[in-house]
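The values are calculated or read from the model by the stated rules, or taken from the named source; none is laboratory data. None of the values given here were measured: they were computed from a predicted structure. A quick note on method: Cβ atoms are made from the backbone with ideal geometry, for glycine too, and the neighbour counts reach across all protein chains shown. For the accessible areas, the whole protein counts, side chains as well, though only heavy atoms, and no ligand, DNA or RNA atoms are used. Shrake-Rupley method; radii C 1.70, N 1.55, O 1.52, S 1.80 Å.
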Amino acid sequence: MFLRMMSTAAGIALMAGAAQAEFNLTILHTNDFHARFEPISKYDSGCSAEDNDAGKCFGGSARLVTAVEAAKKRNPNHILVDGGDQFQGTLFYTYYKGKAAAEMMNKMGYDAMTVGNHEFDDGPEVLRGFMDALDFPVLMSNADISGEKMLAGKLMPSTVIEVAGEKIGLIGLTPQDTAELASPGPNVKFSDPVAAVQKQVDRLQGEGVDKIVVLSHSGFEADKRIAKGTKGVDVIVGGHSNTLLSNTQDKAAGPYPVMEGDTAIVSAYAYGKFLGELNVTFDDAGKIVSAKGEPILMDGKVAEDTTTKDRIAELAKPLDEIRKKVVARTAEPVEGNRDVCRVEECSMGNLVADAMLARVADQGVTIAIANSGGLRASLDAGEVTMGEVLTVLPFQNTLSTFEITGQGVLDALENGVSQVEEVAGRFPQVAGLKFTWDPAKPANEGRISDVMVKQDGKFMPLDPARTYKVVTNNYVRNGGDGYKIFATQGQNAYDYGPDLADVTAEYLAGQGDYKPYTDGRITRK
(Lines give C-alpha, C1' and ligand atoms only; values in the text may rest on other atoms or scores of the structure.)
Protein backbone atom coordinates (compact mmCIF):
# COMPACT_ATOMS: atom_id res chain seq x y z
CA MET A 1 0.00 0.00 0.00
CA PHE A 2 2.78 2.42 0.92
CA LEU A 3 4.79 1.54 -2.16
CA ARG A 4 1.75 2.01 -4.37
CA MET A 5 1.08 5.39 -2.77
CA MET A 6 4.70 6.36 -3.30
CA SER A 7 4.49 5.34 -6.94
CA THR A 8 1.31 7.30 -7.41
CA ALA A 9 2.84 10.36 -5.78
CA ALA A 10 5.93 10.04 -7.95
CA GLY A 11 3.74 9.76 -11.03
CA ILE A 12 1.85 12.92 -10.07
CA ALA A 13 5.15 14.70 -9.58
CA LEU A 14 6.37 13.56 -12.97
CA MET A 15 3.10 14.66 -14.58
CA ALA A 16 3.39 18.02 -12.91
CA GLY A 17 6.97 18.30 -14.13
CA ALA A 18 5.87 17.45 -17.64
CA ALA A 19 3.11 20.05 -17.47
CA GLN A 20 5.69 22.64 -16.51
CA ALA A 21 8.27 21.60 -19.10
CA GLU A 22 10.32 24.36 -20.62
CA PHE A 23 10.67 24.78 -24.36
CA ASN A 24 13.88 25.98 -26.00
CA LEU A 25 13.72 27.80 -29.33
CA THR A 26 16.56 29.29 -31.38
CA ILE A 27 15.59 32.22 -33.57
CA LEU A 28 18.04 32.71 -36.44
CA HIS A 29 17.53 36.02 -38.17
CA THR A 30 18.73 38.47 -40.81
CA ASN A 31 17.51 41.90 -41.91
CA ASP A 32 18.20 44.55 -44.54
CA PHE A 33 20.18 42.19 -46.77
CA HIS A 34 19.80 44.51 -49.77
CA ALA A 35 20.94 42.07 -52.45
CA ARG A 36 24.44 41.60 -51.00
CA PHE A 37 24.80 38.10 -52.44
CA GLU A 38 28.52 38.61 -52.89
CA PRO A 39 30.91 39.42 -50.01
CA ILE A 40 31.24 43.02 -48.90
CA SER A 41 34.13 45.14 -47.69
CA LYS A 42 34.38 46.85 -44.32
CA TYR A 43 32.72 49.81 -46.04
CA ASP A 44 29.69 47.64 -46.93
CA SER A 45 30.47 47.96 -50.64
CA GLY A 46 31.95 45.44 -53.08
CA CYS A 47 34.95 43.34 -52.03
CA SER A 48 37.48 42.00 -54.51
CA ALA A 49 38.09 38.30 -55.01
CA GLU A 50 41.68 38.82 -53.84
CA ASP A 51 40.59 40.43 -50.58
CA ASN A 52 37.97 37.74 -50.10
CA ASP A 53 40.57 34.99 -50.54
CA ALA A 54 42.74 36.85 -48.00
CA GLY A 55 39.92 36.76 -45.45
CA LYS A 56 39.28 40.51 -45.53
CA CYS A 57 35.64 40.37 -46.64
CA PHE A 58 32.35 39.83 -44.86
CA GLY A 59 28.99 38.29 -45.60
CA GLY A 60 27.74 36.99 -48.90
CA SER A 61 25.19 34.22 -49.41
CA ALA A 62 27.83 31.48 -49.48
CA ARG A 63 28.91 32.30 -45.92
CA LEU A 64 25.34 32.64 -44.74
CA VAL A 65 24.50 29.16 -46.09
CA THR A 66 27.38 27.69 -44.08
CA ALA A 67 26.47 29.58 -40.92
CA VAL A 68 22.75 28.79 -41.13
CA GLU A 69 23.40 25.08 -41.63
CA ALA A 70 25.78 24.98 -38.65
CA ALA A 71 23.38 26.91 -36.43
CA LYS A 72 20.49 24.61 -37.29
CA LYS A 73 22.59 21.57 -36.39
CA ARG A 74 23.53 23.12 -33.03
CA ASN A 75 19.94 23.99 -32.24
CA PRO A 76 17.37 21.36 -33.27
CA ASN A 77 14.42 23.60 -32.30
CA HIS A 78 14.92 26.56 -34.62
CA ILE A 79 13.30 29.03 -36.95
CA LEU A 80 14.98 31.19 -39.61
CA VAL A 81 13.31 34.55 -40.26
CA ASP A 82 14.05 37.85 -42.00
CA GLY A 83 13.20 41.41 -40.97
CA GLY A 84 12.65 42.75 -44.49
CA ASP A 85 14.46 44.66 -47.23
CA GLN A 86 15.87 41.81 -49.25
CA PHE A 87 15.31 44.05 -52.28
CA GLN A 88 17.49 46.82 -53.70
CA GLY A 89 21.15 47.67 -53.26
CA THR A 90 23.24 46.02 -55.98
CA LEU A 91 23.12 45.13 -59.65
CA PHE A 92 21.74 41.72 -58.66
CA TYR A 93 18.46 43.40 -57.79
CA THR A 94 18.56 45.75 -60.78
CA TYR A 95 18.97 42.77 -63.11
CA TYR A 96 17.07 39.96 -61.39
CA LYS A 97 14.60 41.87 -59.19
CA GLY A 98 13.48 39.35 -56.51
CA LYS A 99 14.44 36.14 -58.32
CA ALA A 100 17.94 35.77 -56.86
CA ALA A 101 16.72 36.60 -53.35
CA ALA A 102 13.97 34.00 -53.60
CA GLU A 103 16.41 31.34 -54.77
CA MET A 104 18.88 31.97 -51.95
CA MET A 105 16.25 32.27 -49.22
CA ASN A 106 14.62 29.02 -50.33
CA LYS A 107 18.02 27.34 -50.29
CA MET A 108 18.64 28.43 -46.70
CA GLY A 109 15.20 27.31 -45.61
CA TYR A 110 13.64 30.50 -44.24
CA ASP A 111 10.38 30.06 -42.36
CA ALA A 112 9.00 33.59 -42.87
CA MET A 113 9.89 37.21 -43.56
CA THR A 114 8.20 40.55 -43.27
CA VAL A 115 7.80 43.14 -46.01
CA GLY A 116 10.38 45.91 -45.95
CA ASN A 117 9.68 49.25 -47.58
CA HIS A 118 12.12 48.40 -50.38
CA GLU A 119 10.05 45.34 -51.29
CA PHE A 120 7.65 47.96 -52.69
CA ASP A 121 10.27 49.84 -54.74
CA ASP A 122 8.95 48.41 -58.00
CA GLY A 123 5.34 48.21 -56.92
CA PRO A 124 3.04 45.38 -55.83
CA GLU A 125 3.53 43.39 -59.04
CA VAL A 126 7.25 42.72 -58.44
CA LEU A 127 6.58 41.95 -54.78
CA ARG A 128 3.92 39.44 -55.80
CA GLY A 129 6.30 37.73 -58.22
CA PHE A 130 8.85 37.43 -55.41
CA MET A 131 6.26 35.98 -53.05
CA ASP A 132 5.11 33.45 -55.64
CA ALA A 133 8.70 32.19 -55.95
CA LEU A 134 9.14 31.62 -52.20
CA ASP A 135 8.61 28.41 -50.23
CA PHE A 136 7.52 30.33 -47.12
CA PRO A 137 5.09 33.14 -46.23
CA VAL A 138 5.71 36.88 -46.41
CA LEU A 139 3.86 38.82 -43.71
CA MET A 140 2.52 42.36 -43.18
CA SER A 141 -0.11 43.19 -40.57
CA ASN A 142 -0.24 46.99 -40.55
CA ALA A 143 -1.78 47.67 -43.94
CA ASP A 144 -5.11 47.24 -45.68
CA ILE A 145 -4.37 45.46 -48.96
CA SER A 146 -7.94 44.48 -49.79
CA GLY A 147 -7.99 46.94 -52.68
CA GLU A 148 -4.72 45.71 -54.22
CA LYS A 149 -5.45 42.64 -56.35
CA MET A 150 -1.78 41.67 -56.63
CA LEU A 151 -1.53 41.20 -52.85
CA ALA A 152 -5.01 40.49 -51.52
CA GLY A 153 -5.34 36.88 -50.43
CA LYS A 154 -1.59 36.28 -50.73
CA LEU A 155 0.12 38.67 -48.31
CA MET A 156 -0.98 37.58 -44.83
CA PRO A 157 -0.75 39.57 -41.56
CA SER A 158 0.50 36.60 -39.54
CA THR A 159 1.06 32.87 -39.64
CA VAL A 160 1.58 29.94 -37.28
CA ILE A 161 4.34 27.37 -37.61
CA GLU A 162 5.08 24.33 -35.48
CA VAL A 163 8.45 23.50 -33.97
CA ALA A 164 8.74 20.24 -32.03
CA GLY A 165 4.98 20.25 -31.54
CA GLU A 166 4.90 23.83 -30.22
CA LYS A 167 2.98 26.53 -32.07
CA ILE A 168 4.89 29.74 -32.85
CA GLY A 169 2.94 32.78 -34.01
CA LEU A 170 4.71 35.12 -36.46
CA ILE A 171 3.48 38.64 -37.24
CA GLY A 172 4.84 41.00 -39.93
CA LEU A 173 5.28 44.78 -39.87
CA THR A 174 6.42 47.32 -42.44
CA PRO A 175 7.08 51.05 -41.92
CA GLN A 176 3.93 53.09 -41.49
CA ASP A 177 5.36 55.71 -43.86
CA THR A 178 6.15 53.24 -46.66
CA ALA A 179 3.97 55.26 -49.04
CA GLU A 180 6.58 58.04 -48.68
CA LEU A 181 9.57 55.69 -48.85
CA ALA A 182 8.70 53.45 -51.78
CA SER A 183 6.05 52.80 -54.45
CA PRO A 184 3.27 50.66 -52.98
CA GLY A 185 0.66 52.36 -55.15
CA PRO A 186 -2.64 53.92 -54.11
CA ASN A 187 -4.37 50.70 -53.05
CA VAL A 188 -2.20 49.81 -50.03
CA LYS A 189 -3.18 51.74 -46.89
CA PHE A 190 -0.67 51.61 -44.03
CA SER A 191 -1.61 51.90 -40.36
CA ASP A 192 -0.18 52.18 -36.85
CA PRO A 193 1.97 49.14 -35.98
CA VAL A 194 0.99 48.96 -32.29
CA ALA A 195 -2.71 48.46 -32.94
CA ALA A 196 -2.00 46.09 -35.83
CA VAL A 197 0.27 43.87 -33.72
CA GLN A 198 -2.12 43.76 -30.78
CA LYS A 199 -4.96 42.71 -33.06
CA GLN A 200 -2.92 39.78 -34.36
CA VAL A 201 -1.67 38.84 -30.87
CA ASP A 202 -5.23 38.70 -29.58
CA ARG A 203 -6.32 36.55 -32.50
CA LEU A 204 -3.39 34.16 -32.15
CA GLN A 205 -3.82 33.81 -28.40
CA GLY A 206 -7.48 33.08 -29.00
CA GLU A 207 -6.33 30.16 -31.14
CA GLY A 208 -4.12 28.85 -28.33
CA VAL A 209 -0.81 30.25 -29.60
CA ASP A 210 1.21 31.60 -26.65
CA LYS A 211 4.67 32.10 -28.21
CA ILE A 212 4.65 35.14 -30.48
CA VAL A 213 7.44 36.65 -32.58
CA VAL A 214 7.03 39.93 -34.48
CA LEU A 215 9.11 40.41 -37.63
CA SER A 216 9.31 44.18 -37.66
CA HIS A 217 10.71 46.32 -40.44
CA SER A 218 9.90 49.41 -38.40
CA GLY A 219 13.21 50.54 -36.92
CA PHE A 220 14.67 50.15 -33.43
CA GLU A 221 12.90 53.11 -31.85
CA ALA A 222 9.55 51.96 -33.21
CA ASP A 223 10.26 48.41 -32.01
CA LYS A 224 10.69 49.69 -28.46
CA ARG A 225 7.43 51.59 -28.77
CA ILE A 226 5.68 48.47 -30.05
CA ALA A 227 7.05 46.40 -27.16
CA LYS A 228 5.81 48.98 -24.64
CA GLY A 229 2.43 49.41 -26.28
CA THR A 230 1.44 45.77 -26.71
CA LYS A 231 0.83 42.74 -24.50
CA GLY A 232 1.76 39.21 -25.41
CA VAL A 233 4.73 39.83 -27.75
CA ASP A 234 7.68 37.66 -26.74
CA VAL A 235 10.31 38.59 -29.33
CA ILE A 236 10.69 41.38 -31.91
CA VAL A 237 13.11 40.67 -34.76
CA GLY A 238 13.98 44.12 -36.07
CA GLY A 239 14.96 45.74 -39.33
CA HIS A 240 14.86 49.05 -41.25
CA SER A 241 17.22 51.08 -39.02
CA ASN A 242 20.16 48.70 -39.65
CA THR A 243 20.66 48.54 -35.89
CA LEU A 244 23.35 46.29 -34.50
CA LEU A 245 22.55 44.88 -31.08
CA SER A 246 25.45 42.95 -29.60
CA ASN A 247 27.22 42.11 -26.36
CA THR A 248 30.65 42.07 -27.99
CA GLN A 249 30.76 44.51 -30.94
CA ASP A 250 32.11 48.00 -30.16
CA LYS A 251 29.63 49.90 -32.33
CA ALA A 252 26.53 48.14 -31.03
CA ALA A 253 23.52 50.34 -30.22
CA GLY A 254 22.64 48.17 -27.25
CA PRO A 255 22.88 44.67 -25.78
CA TYR A 256 21.61 41.53 -27.46
CA PRO A 257 18.78 41.23 -26.76
CA VAL A 258 17.38 44.52 -25.52
CA MET A 259 14.64 43.69 -23.01
CA GLU A 260 11.66 46.04 -23.08
CA GLY A 261 9.48 44.69 -20.29
CA ASP A 262 8.92 41.02 -21.09
CA THR A 263 9.79 41.46 -24.78
CA ALA A 264 13.21 40.62 -26.24
CA ILE A 265 14.25 42.88 -29.15
CA VAL A 266 17.01 41.80 -31.55
CA SER A 267 18.51 43.21 -34.74
CA ALA A 268 21.52 42.07 -36.78
CA TYR A 269 22.76 45.20 -38.60
CA ALA A 270 22.45 44.69 -42.38
CA TYR A 271 23.91 43.36 -45.64
CA GLY A 272 24.36 39.79 -44.38
CA LYS A 273 27.28 40.88 -42.22
CA PHE A 274 25.79 39.05 -39.22
CA LEU A 275 23.51 36.11 -38.60
CA GLY A 276 21.48 36.72 -35.46
CA GLU A 277 21.14 33.79 -33.08
CA LEU A 278 18.76 34.24 -30.13
CA ASN A 279 18.19 31.32 -27.79
CA VAL A 280 14.88 31.64 -25.97
CA THR A 281 13.50 29.44 -23.19
CA PHE A 282 9.73 29.54 -22.64
CA ASP A 283 7.89 28.19 -19.62
CA ASP A 284 4.74 26.11 -20.02
CA ALA A 285 2.59 29.27 -20.13
CA GLY A 286 4.60 30.68 -23.04
CA LYS A 287 6.45 33.24 -20.91
CA ILE A 288 10.13 33.90 -21.58
CA VAL A 289 12.32 32.42 -18.84
CA SER A 290 15.57 33.26 -20.57
CA ALA A 291 16.67 35.05 -23.75
CA LYS A 292 20.33 35.20 -24.69
CA GLY A 293 22.56 35.01 -27.71
CA GLU A 294 24.73 37.05 -30.04
CA PRO A 295 24.89 37.92 -33.75
CA ILE A 296 27.52 35.81 -35.50
CA LEU A 297 29.95 37.88 -37.57
CA MET A 298 30.17 36.58 -41.14
CA ASP A 299 33.89 37.27 -41.52
CA GLY A 300 36.64 35.37 -43.28
CA LYS A 301 36.59 32.68 -40.59
CA VAL A 302 33.24 31.46 -41.89
CA ALA A 303 33.82 29.13 -44.83
CA GLU A 304 31.89 29.79 -48.03
CA ASP A 305 29.63 27.03 -49.27
CA THR A 306 31.17 26.02 -52.59
CA THR A 307 27.92 25.23 -54.41
CA THR A 308 26.41 28.56 -53.40
CA LYS A 309 29.57 30.48 -54.29
CA ASP A 310 29.56 28.92 -57.75
CA ARG A 311 25.88 29.74 -58.22
CA ILE A 312 26.40 33.38 -57.25
CA ALA A 313 29.31 33.58 -59.69
CA GLU A 314 27.02 32.22 -62.41
CA LEU A 315 24.34 34.80 -61.57
CA ALA A 316 26.98 37.53 -61.65
CA LYS A 317 28.19 36.82 -65.21
CA PRO A 318 25.71 39.14 -66.96
CA LEU A 319 26.63 41.90 -64.50
CA ASP A 320 30.40 41.69 -64.76
CA GLU A 321 30.90 43.80 -67.87
CA ILE A 322 28.96 46.67 -66.31
CA ARG A 323 30.49 46.36 -62.86
CA LYS A 324 34.14 45.99 -63.72
CA LYS A 325 34.49 49.14 -65.76
CA VAL A 326 36.79 51.53 -63.85
CA VAL A 327 35.25 55.00 -64.01
CA ALA A 328 37.32 57.05 -61.54
CA ARG A 329 39.81 57.10 -58.69
CA THR A 330 39.57 58.41 -55.13
CA ALA A 331 42.52 59.55 -53.06
CA GLU A 332 40.82 58.55 -49.81
CA PRO A 333 37.73 56.57 -48.72
CA VAL A 334 34.43 58.40 -49.27
CA GLU A 335 32.21 58.17 -46.20
CA GLY A 336 28.70 56.99 -47.02
CA ASN A 337 27.80 55.21 -43.81
CA ARG A 338 24.15 55.75 -42.95
CA ASP A 339 24.98 56.42 -39.29
CA VAL A 340 26.95 59.47 -40.46
CA CYS A 341 25.12 60.67 -43.57
CA ARG A 342 21.67 60.53 -41.98
CA VAL A 343 22.61 62.85 -39.13
CA GLU A 344 25.24 65.25 -40.49
CA GLU A 345 27.18 66.45 -43.51
CA CYS A 346 29.20 63.60 -44.99
CA SER A 347 31.70 63.33 -47.81
CA MET A 348 29.49 61.02 -49.90
CA GLY A 349 26.62 63.46 -49.56
CA ASN A 350 28.84 66.31 -50.73
CA LEU A 351 30.10 64.26 -53.67
CA VAL A 352 26.62 63.35 -54.89
CA ALA A 353 25.10 66.81 -54.29
CA ASP A 354 28.08 68.50 -55.96
CA ALA A 355 27.74 66.16 -58.94
CA MET A 356 24.03 66.91 -59.26
CA LEU A 357 24.54 70.66 -59.13
CA ALA A 358 27.48 70.63 -61.54
CA ARG A 359 25.41 68.73 -64.11
CA VAL A 360 22.63 71.34 -64.25
CA ALA A 361 24.34 74.57 -63.18
CA ASP A 362 24.24 75.81 -66.77
CA GLN A 363 20.44 75.74 -66.51
CA GLY A 364 20.50 78.34 -63.75
CA VAL A 365 20.06 75.80 -60.95
CA THR A 366 21.69 77.00 -57.73
CA ILE A 367 20.59 74.47 -55.08
CA ALA A 368 21.00 70.69 -54.87
CA ILE A 369 19.26 68.58 -52.23
CA ALA A 370 19.88 64.84 -51.96
CA ASN A 371 18.17 62.51 -49.49
CA SER A 372 20.69 60.53 -47.43
CA GLY A 373 18.50 57.45 -47.74
CA GLY A 374 19.59 57.29 -51.36
CA LEU A 375 23.23 56.79 -50.33
CA ARG A 376 23.71 53.09 -49.72
CA ALA A 377 27.44 52.52 -49.20
CA SER A 378 30.88 54.08 -48.89
CA LEU A 379 33.75 53.95 -51.39
CA ASP A 380 37.23 52.82 -50.49
CA ALA A 381 40.33 54.55 -51.78
CA GLY A 382 41.75 53.82 -55.22
CA GLU A 383 39.97 52.67 -58.37
CA VAL A 384 36.21 53.15 -58.47
CA THR A 385 34.23 50.81 -60.68
CA MET A 386 30.76 51.42 -62.07
CA GLY A 387 29.59 48.54 -59.92
CA GLU A 388 30.72 50.38 -56.81
CA VAL A 389 28.96 53.55 -57.90
CA LEU A 390 25.79 51.54 -58.48
CA THR A 391 26.11 50.03 -55.02
CA VAL A 392 26.19 53.55 -53.57
CA LEU A 393 23.32 54.72 -55.82
CA PRO A 394 21.29 51.64 -56.75
CA PHE A 395 17.81 53.07 -57.20
CA GLN A 396 17.95 54.12 -60.85
CA ASN A 397 16.82 57.60 -59.84
CA THR A 398 17.01 60.38 -62.38
CA LEU A 399 17.87 64.05 -61.93
CA SER A 400 14.82 66.25 -61.39
CA THR A 401 14.86 70.03 -61.72
CA PHE A 402 12.12 72.41 -60.62
CA GLU A 403 11.43 75.87 -59.24
CA ILE A 404 10.24 76.66 -55.72
CA THR A 405 10.18 79.61 -53.35
CA GLY A 406 12.78 80.16 -50.68
CA GLN A 407 10.05 79.38 -48.12
CA GLY A 408 9.51 76.05 -49.85
CA VAL A 409 13.24 75.31 -49.60
CA LEU A 410 13.14 76.20 -45.90
CA ASP A 411 10.13 73.95 -45.29
CA ALA A 412 11.86 71.12 -47.16
CA LEU A 413 14.94 71.46 -44.97
CA GLU A 414 12.73 71.34 -41.88
CA ASN A 415 11.34 68.05 -43.15
CA GLY A 416 14.88 66.85 -43.80
CA VAL A 417 15.94 67.22 -40.16
CA SER A 418 12.59 66.21 -38.66
CA GLN A 419 13.51 62.57 -38.03
CA VAL A 420 17.21 62.71 -37.23
CA GLU A 421 16.53 60.96 -33.92
CA GLU A 422 15.35 57.97 -35.93
CA VAL A 423 18.34 58.16 -38.31
CA ALA A 424 15.82 58.51 -41.12
CA GLY A 425 16.79 58.71 -44.78
CA ARG A 426 15.26 62.16 -45.33
CA PHE A 427 18.27 63.99 -43.88
CA PRO A 428 19.37 66.45 -46.60
CA GLN A 429 22.81 66.49 -48.15
CA VAL A 430 23.19 69.74 -50.08
CA ALA A 431 25.23 71.78 -52.51
CA GLY A 432 25.03 75.51 -53.26
CA LEU A 433 23.48 75.83 -49.84
CA LYS A 434 24.48 76.19 -46.19
CA PHE A 435 22.31 75.82 -43.12
CA THR A 436 22.35 75.29 -39.37
CA TRP A 437 19.93 73.08 -37.48
CA ASP A 438 19.06 72.79 -33.80
CA PRO A 439 18.02 69.36 -32.47
CA ALA A 440 16.83 70.92 -29.21
CA LYS A 441 13.82 72.41 -31.00
CA PRO A 442 10.73 70.35 -31.88
CA ALA A 443 10.63 68.80 -35.33
CA ASN A 444 9.19 71.07 -38.03
CA GLU A 445 9.09 73.99 -35.60
CA GLY A 446 12.14 76.04 -36.44
CA ARG A 447 15.06 73.64 -36.27
CA ILE A 448 16.53 75.25 -39.41
CA SER A 449 18.32 78.61 -39.33
CA ASP A 450 21.00 80.62 -41.10
CA VAL A 451 20.19 79.30 -44.58
CA MET A 452 22.57 80.73 -47.18
CA VAL A 453 22.43 80.25 -50.96
CA LYS A 454 25.43 80.64 -53.25
CA GLN A 455 24.77 83.30 -55.87
CA ASP A 456 27.40 84.71 -58.22
CA GLY A 457 30.12 83.06 -56.16
CA LYS A 458 28.96 84.48 -52.83
CA PHE A 459 26.69 83.06 -50.13
CA MET A 460 23.62 85.22 -49.54
CA PRO A 461 20.73 84.73 -47.08
CA LEU A 462 17.85 82.65 -48.42
CA ASP A 463 14.98 84.92 -49.49
CA PRO A 464 11.65 83.23 -48.60
CA ALA A 465 9.83 85.18 -51.33
CA ARG A 466 12.30 84.54 -54.11
CA THR A 467 11.96 81.66 -56.56
CA TYR A 468 14.97 79.33 -56.78
CA LYS A 469 15.88 76.58 -59.24
CA VAL A 470 16.60 73.30 -57.46
CA VAL A 471 17.87 69.88 -58.45
CA THR A 472 17.12 66.65 -56.59
CA ASN A 473 16.25 63.11 -57.71
CA ASN A 474 12.87 62.10 -59.12
CA TYR A 475 11.96 60.13 -56.00
CA VAL A 476 12.37 63.14 -53.71
CA ARG A 477 10.84 65.58 -56.22
CA ASN A 478 7.68 63.48 -56.24
CA GLY A 479 7.35 63.59 -52.47
CA GLY A 480 9.54 60.72 -51.32
CA ASP A 481 11.05 60.77 -47.82
CA GLY A 482 8.47 63.31 -46.71
CA TYR A 483 9.41 65.98 -49.27
CA LYS A 484 5.78 66.44 -50.27
CA ILE A 485 6.27 70.19 -50.66
CA PHE A 486 8.38 69.55 -53.76
CA ALA A 487 5.45 67.68 -55.32
CA THR A 488 2.78 70.18 -54.28
CA GLN A 489 4.61 73.50 -54.66
CA GLY A 490 7.37 72.74 -57.16
CA GLN A 491 6.84 74.42 -60.52
CA ASN A 492 8.14 73.70 -64.03
CA ALA A 493 9.39 70.31 -62.92
CA TYR A 494 11.34 67.99 -65.19
CA ASP A 495 11.80 64.51 -63.73
CA TYR A 496 13.50 62.75 -66.62
CA GLY A 497 17.11 63.80 -66.42
CA PRO A 498 20.07 61.42 -66.57
CA ASP A 499 20.51 58.57 -64.10
CA LEU A 500 22.02 59.78 -60.83
CA ALA A 501 24.62 57.00 -60.79
CA ASP A 502 25.79 57.97 -64.28
CA VAL A 503 25.94 61.66 -63.29
CA THR A 504 28.04 60.83 -60.22
CA ALA A 505 30.36 58.51 -62.14
CA GLU A 506 30.96 61.13 -64.82
CA TYR A 507 31.59 63.83 -62.24
CA LEU A 508 34.09 61.60 -60.42
CA ALA A 509 35.82 60.77 -63.69
CA GLY A 510 36.45 64.46 -64.30
CA GLN A 511 38.05 65.06 -60.90
CA GLY A 512 41.31 63.12 -61.30
CA ASP A 513 42.16 61.50 -57.96
CA TYR A 514 39.06 62.69 -56.18
CA LYS A 515 39.70 63.88 -52.63
CA PRO A 516 36.58 63.61 -50.46
CA TYR A 517 35.80 66.43 -48.11
CA THR A 518 33.36 68.19 -45.82
CA ASP A 519 33.36 71.97 -45.58
CA GLY A 520 30.85 72.91 -42.92
CA ARG A 521 27.89 73.46 -45.23
CA ILE A 522 25.70 71.76 -42.60
CA THR A 523 26.24 72.69 -38.95
CA ARG A 524 24.51 71.58 -35.80
CA LYS A 525 23.89 73.93 -32.87
Conditions (1) free of Cβ contacts under 8 Å to residues at least 40 places away in the same chain; (2) within 21 Å of residue 81 (Cβ to Cβ); (3) under 20 Å from the mean Cα position of the chain (by Cα); number of the one not met by residue 179
(2)
Would you point out the residue of the stretch 92-102, among those that are touching a residue at least 40 places away in the same chain (Cβ under 8 Å) and out of contact with any Pro (no Cβ under 8 Å at 6 or more places or on another chain), that is most open to solvent (accessible area, probe 1.4 Å)?
96
Considering each residue of the stretch 409-435, count those that are open to solvent by 20 Å² or more (accessible area, probe 1.4 Å), in contact with a strand residue (DSSP E or B) (Cβ under 6 Å, 6 or more places away or on another chain) and of a type in the set (Val, Ile, Thr), and give that number.
0
Whichever residue in the stretch 228-251 is of a type in the set (A, V, I, L, M, F, W, C), buried (at least 23 other Cβ atoms within 10 Å of the Cβ) and not in a loop (DSSP other than H, G, I, E, B) and, among such residues, is nearest to the chain's Cα centre (by Cα)
237
Give the residues of the stretch 252-279 that are on the phi < 0 side of the Ramachandran plot and more than 25 Å from the chain's Cα centre (by Cα), sorted by residue number.
262
Test result for residue 471, open to solvent by 20 Å² or more (accessible area, probe 1.4 Å), closer than 30 Å to residue 176 by Cα and either of a type in the set (S, T, N, Q) or in contact with a helix residue (DSSP H, G or I) (Cβ under 7 Å, 6 or more places away or on another chain) (or both)
no
Among the residues of the stretch 398-421, count how many are polar (S, T, N, Q) and more than 23 Å from the chain's Cα centre (by Cα).
4
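Need a quick list: helices (runs of 4 or more DSSP H) entirely within the stretch 411-525 having at least 1 residues that are without any contact (Cβ under 8 Å) to a residue 24 or more places away in the chain.
Values: elements: 474-477, 484-489, 500-509.
Output list reads 484-489, 500-509.
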Within the stretch 456-465, can one find any residue that is under 18 Å from residue 402 (Cβ atoms) and either crowded, with 17+ Cβ neighbours inside 10 Å or aromatic (Phe, Trp, Tyr) (or both)?
yes
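For the stretch 96-200, which helices (runs of 4 or more DSSP H) that fit wholly inside it have 2 or more residues that are within 25 Å of residue 422 (Cβ to Cβ)?
Details: elements: 99-108, 123-133, 178-181.
Of the helices (runs of 4 or more DSSP H) lying wholly inside the stretch 96-200, those with at least 2 residues that are within 25 Å of residue 422 (Cβ to Cβ) span 178-181.
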Taking interchain pairs and intrachain pairs at least six residues apart, which have beta carbon atoms under 7 angstrom, with the first residue in the stretch 236-256 and farther than 15 Å from residue 84 by Cα and aromatic (Phe, Trp, Tyr) and the second open to solvent by 30 Å² or more (accessible area, probe 1.4 Å) and part of a loop (DSSP other than H, G, I, E, B)?
256/247; 256/294
If you go through the stretch 477-499, how many residues are touching a strand residue (DSSP E or B) at 6+ places or on another chain (Cβ under 6 Å), at pLDDT 95 or above and either of a type in the set (A, V, I, L, M, F, W, C) or open to solvent by 20 Å² or more (accessible area, probe 1.4 Å) (or both)?
2
Can you confirm whether the stretch 44-61 contains a residue that is modelled with pLDDT of 90 or more, under 18 Å from the mean Cα position of the chain (by Cα), surrounded by 24 or more Cβ atoms within 10 Å (Cβ to Cβ) and closer than 17 Å to residue 307 by Cβ?
yes
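Which of the residues belonging to the stretch 342-359 are open to solvent by less than 10 Å² (accessible area, probe 1.4 Å) and assigned to a helix (DSSP H, G or I)?
348, 349, 350, 351, 352, 353, 355, 356 - these are the residues of the stretch 342-359 that are open to solvent by less than 10 Å² (accessible area, probe 1.4 Å) and assigned to a helix (DSSP H, G or I).
Restricting to the stretch 156-176, what's the tally of residues that are within 22 Å of the chain's Cα centre (by Cα) and buried (at least 23 other Cβ atoms within 10 Å of the Cβ)? Reasoning before the result, please.
The initial filter retains those residues of the stretch 156-176 that are within 22 Å of the chain's Cα centre (by Cα), namely 156-158, 170-176.
When the remaining residues are screened for being buried (at least 23 other Cβ atoms within 10 Å of the Cβ), the result is 158, 170-175.
Number of matching residues: 7.
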Could you identify the single residue in 90, 114 that is among the β-branched types (Val, Ile, Thr) and at pLDDT below 95?
90
